[in-house]
1. Looking at (1) over 26 Å from residue A:183 (Cβ atoms); (2) in a strand (DSSP E or B), which is the one condition that is false for residue A:47?
2. Identify the residue in segment B:125-145 that is among the hydrophobic types (A, V, I, L, M, F, W, C) and assigned to a loop (DSSP other than H, G, I, E, B) and, among all such residues, is farthest from the other protein chains (Cβ to nearest Cβ).
3. From B:122, B:89, B:85, which residue is within 14 Å of chain A (Cβ to nearest Cβ) and surrounded by fewer than 17 Cβ atoms within 10 Å (Cβ to Cβ)?
4. Only one residue in B:156, B:161, B:148 is more than 14 Å from chain A (Cβ to nearest Cβ) and either crowded, with 20+ Cβ neighbours inside 10 Å or modelled with pLDDT of 95 or more (or both), so which one is that?
5. Which of the following residues is outside any helix (DSSP H, G or I), surrounded by fewer than 17 Cβ atoms within 10 Å (Cβ to Cβ) and either in contact with a helix residue (DSSP H, G or I) (Cβ under 6 Å, 6 or more places away or on another chain) or away from chain B (no Cβ under 13 Å) (or both): A:121, A:52, A:41?
6. When the residues of segment A:134-155 are narrowed to those that are touching a residue at least 12 places away in the same chain (Cβ under 8 Å) and within 13 Å of another protein chain (Cβ to nearest Cβ), which ends up surrounded by the fewest Cβ atoms within 10 Å (Cβ to Cβ)?
7. Name the single residue that is farthest from the other protein chains (Cβ to nearest Cβ) among those in segment A:156-171 being in a loop (DSSP other than H, G, I, E, B) and modelled with pLDDT under 80.
8. Condition first: over 24 Å from residue B:333 (Cβ atoms), part of a strand (DSSP E or B) and without any contact (Cβ under 8 Å) to a residue 40 or more places away in the chain. Now tell me which residues in segment B:215-258 satisfy that.
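The values are calculated or read from the model by the stated rules, or taken from the named source; none is laboratory data. Since the structure is predicted, the reported quantities are computational estimates derived from the model, not experimental observations. Here the Cβ positions follow ideal geometry from the backbone for every residue, glycine too, while neighbour counts run over all protein chains shown. Quick note on the areas: whole protein, heavy atoms, side chains included, nothing else; ligands and nucleic acids left out. Shrake-Rupley method; radii C 1.70, N 1.55, O 1.52, S 1.80 Å.
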Amino acid sequence: DEEESKKILDNIRVGIPAAFSIEECPAEIQHAWNLVINQLEKFGATVKIIPETTISPSCVKMTLPAYYVLSCSEASSNLARYDGIRFGSSVDHPNILPDDGNLNYREKNTARIRSKNFGSEVQRRILAGTAVLSSDRFHTYYESAAAVRAQITKEFNDAFRISKERGGDDDEGVDLMLIPTALTNPPTLSQNGSPGNTEAFLNDVMTIPISLSGLPSISVPVRSNNLSSGGTDYKHSVVGMQIFGPRLSEETIMRAAHAVESLK
Amino acid sequence: MRTLLCKSILANISNNSAFSCRSLSAATSSTSRKLVYNRDTGIITDDTSSQQLYRSIIGIEIHAQLAVPTKLFSSGPTKHHPDHNLDANTSSSIHDLAYPGTLPLLSKSSVQKALISAAALNCRIQELSRFERKHYTYADLPFGYQVTQQRWPLATEGLITCRRYSPPQPKTKGNNARNRGGQSKVSGNSSSQEDLVELSKFFDVGIDRIQMEQDTGKTTAVSIGGSKTQYLIDFNRAGSALIEIVFKPQIHSAHEAASVVSTLQSLLKYLGTCDGKMEEGSLRCDLNVSIYPISPSDFSGDEADPNNPFKKYLPKGAGNRVEVKNLNSLRQIIQSAEYEALRQTSQIINGSPTGRETRTFDPKSGKTIMIREKGGDVDYRFMPEPDLPPVRLNRNILGKNSVQEFLDDNLPELPEEAIHRLMHVYGISEASALIITSDRPAISFFVDSVALCEQELKGDNQIDTVTVSITIANWLCNDLFALIKESASKKEEKESLEGALNHPISVEYSNVSAEQLGSLVALILNETVSTTQAKKLLGVMYTEELNSLPLDIAEQNNWKLISNMDQLKSLCRDVIQHGKNAKQLEQYKLGGKNVRKMTKFFTGKIMAESRGNAHPELMGKALQLVLKEIAPGVEE
């Protein structure tokens, strides 16, 4: 049994990016992180730290505002098609808008339908995206966000190993990376499923950079028995651990996830 | 007789002939000045004082629908697809209707046709270009944005060499390119005088960019009583691949604008990248018109239109440009350019110069109408298209390893090169060369026809290549195209959809092959048949649709020239000695001026007797001999 399982992650290098080891990380999650590292080593992997000079904390932090700029821009664009002309329920609220002399009949109609049929969060994002795409803001916001995205993508790719077949040298670089999926408790029902702003920020920083870089990723639940240590707020015995890799590395990711799943 | 093909190259205008100007009275309370616009030079003159005041300067943008069967980003059918249905909203795919859950997939053939067009226009080709979204709301824009190439277009910095447009001349009787009247040798050489004047009338216009983009749906406004208007939207053409060609504002007059559009239209049709049908919306034109003072002292000093991207091309003192959108014919282009030039001049004279405006042209009144003031202030919120990779002109899209390799295989000899070759290698007239090159398959048809004709005439040293070429060109341009046109209009009555990518008047639809034509002309040139007989032969070959040789048909119908002297002499004798003509014979014998008169009489009778088959020249000789026989010693 153990002989066979050792082969699954032979020659696989797993990186722990120092940029994601932030101070706010609760002890329980740190503990789960260590558990997984040990497990992967048991299955044949070698684990190393990826220094902050390779994947920088400042870039990682910048990915959050970059993401919101880019995703709101895309949302405002992708939702532009809902003009009420080809599809959408008709609306009979003639006074929903103050009478704007600058809008013609069709424009008023479209405005009414969109105001009624889009939820408030959607409208918020559309407005933010539209503002950011306007010609006097595009360069400052959108282009900067795109540059941040390019930068984080580059930093991840530079840390990944390029195989000999593709002209790289095998000495540097990792095949996979391992970080927690979230750093806080899941939001409760009484919070309406929405975490507070700081919490949202802490959690987003674990997933958004990977999303922006277009990398495949999986979150595997890990049971942490060490609940009693430290008087932290973390109340749950399950921690999500995230394994991700370069493009087209799903097969390797699945093998590592299998190793983690077999943790008792 | 000029074919309608010729008309389609040169003009769509019917009315204006002698007058190239149009006047507009600038009616104000202070001054009432009658202004006149010269459509060739673009100069606006005060009619009373003859003082030259202003000159128009024009920039053109053309949107051409690419002749491909599917849309730019989906497999939905365009009007060039055999399955296309003309009824509104029956041929639009879910992607082009912007239904959620679809993604764009770039059409390779669209890129290829755009590339061929750009290369033929001498552009610098960008091997890497990108798509962007241009956002605005309109009922016929399903996505709420148009996918286009604003910052990174496919091609930049090109050049078009235009033939100067001239309105069609009224037809006169002497305009036939070919002699008629039963002459055996066909003349009609290119008039060198005419060529010289034509050739010097070329001018170049710079092209700023060529970009690929999507077409919108089509909006039709219908008034439904009172002041209410209903807008009907047809999404069939939404998502069709377009190229937008932006010209630099380097032209000055209405006729120059027409030249550019006409030359471009012919070129794209020739390349097969666009069918050029302006009346169907395949080719649409926007004009940017402004005026500048001829005399520098009239320059007020305030710079109008400082945000104009073409500022450096504009002369000093140029006013704000007015955009006139969606012009659908050469006639509309000329009329709107002229109307705008005069309107802007009269407004400046009245002290209220025009601002940046967007207008449309009303063909009924011949005037432009405002649709938007401050035409350029729309913020389109350009955003790179996130669902498409950059356009790389590589093996994946072109099927060849490089752009050059692709063009070597796909860019044909260009029309002007072909015209030059036809004129200088074959010696035909410019007018014929223009007609032939406007239908690309006609070029090889012509060449094959000449080759076969020469082959059949081998051994006849008197007939040179130029004569052969000119004769073939005349029969192709005048007679064969006329038959094709006639047959095409009959067909159109039966079929509702034309749908062909080629011009409907094309040798591709000819029932007579190049070989048959060559063979026929050989018979004419070696005097086996007369011109009249040849016309009949051509008609038979065309309607029969069999591959019969003209010689066979001639023999079957006895349409050959009688050239045998003995035969001719006996024919002459029969007529001269016929009882009916005894009186004329006696008169002939009297001599003097009766000789010529009666010879003429006999000629006519003999010709009639032979049913037009007698070889005119030889018959004349035979007649002389026979008359000497019968009435020797008669003198004039």
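1. For residue A:47, the exception is condition (1).
2. Just the residues of segment B:125-145 that are among the hydrophobic types (A, V, I, L, M, F, W, C), to begin with: B:125, B:128, B:131, B:139, B:141, B:143.
Pick out the ones that are also assigned to a loop (DSSP other than H, G, I, E, B) and you get B:131, B:139, B:141, B:143.
Working: B:131: 13, B:139: 5, B:141: 9, B:143: 5 Å.
For segment B:125-145, the residue satisfying everything is B:131.
3. On the way: B:122 fails: within 14 Å of chain A (Cβ to nearest Cβ); B:85 fails: within 14 Å of chain A (Cβ to nearest Cβ).
When all the criteria are applied, what remains is B:89.
4. Values: B:161 fails: either crowded, with 20+ Cβ neighbours inside 10 Å or modelled with pLDDT of 95 or more (or both); B:148 fails: more than 14 Å from chain A (Cβ to nearest Cβ).
Answer to the selection: B:156.
5. On the way: A:121 fails: outside any helix (DSSP H, G or I); A:41 fails: outside any helix (DSSP H, G or I).
Of the residues listed, the single one that is outside any helix (DSSP H, G or I), surrounded by fewer than 17 Cβ atoms within 10 Å (Cβ to Cβ) and either in contact with a helix residue (DSSP H, G or I) (Cβ under 6 Å, 6 or more places away or on another chain) or away from chain B (no Cβ under 13 Å) (or both) is A:52.
6. Quick first cut of segment A:134-155, residues touching a residue at least 12 places away in the same chain (Cβ under 8 Å) only: A:141-142, A:144-146, A:148-149, A:151-153, A:155.
Pick out the ones that are also within 13 Å of another protein chain (Cβ to nearest Cβ) and you get A:141-142, A:145-146, A:149.
Values: A:141: 21, A:142: 23, A:145: 23, A:146: 15, A:149: 21.
The residue in question is A:146.
7. Checking each candidate, the answer is A:171.
8. Of everything in segment B:215-258, those that are over 24 Å from residue B:333 (Cβ atoms), part of a strand (DSSP E or B) and without any contact (Cβ under 8 Å) to a residue 40 or more places away in the chain turn out to be B:222, B:223, B:229, B:230.
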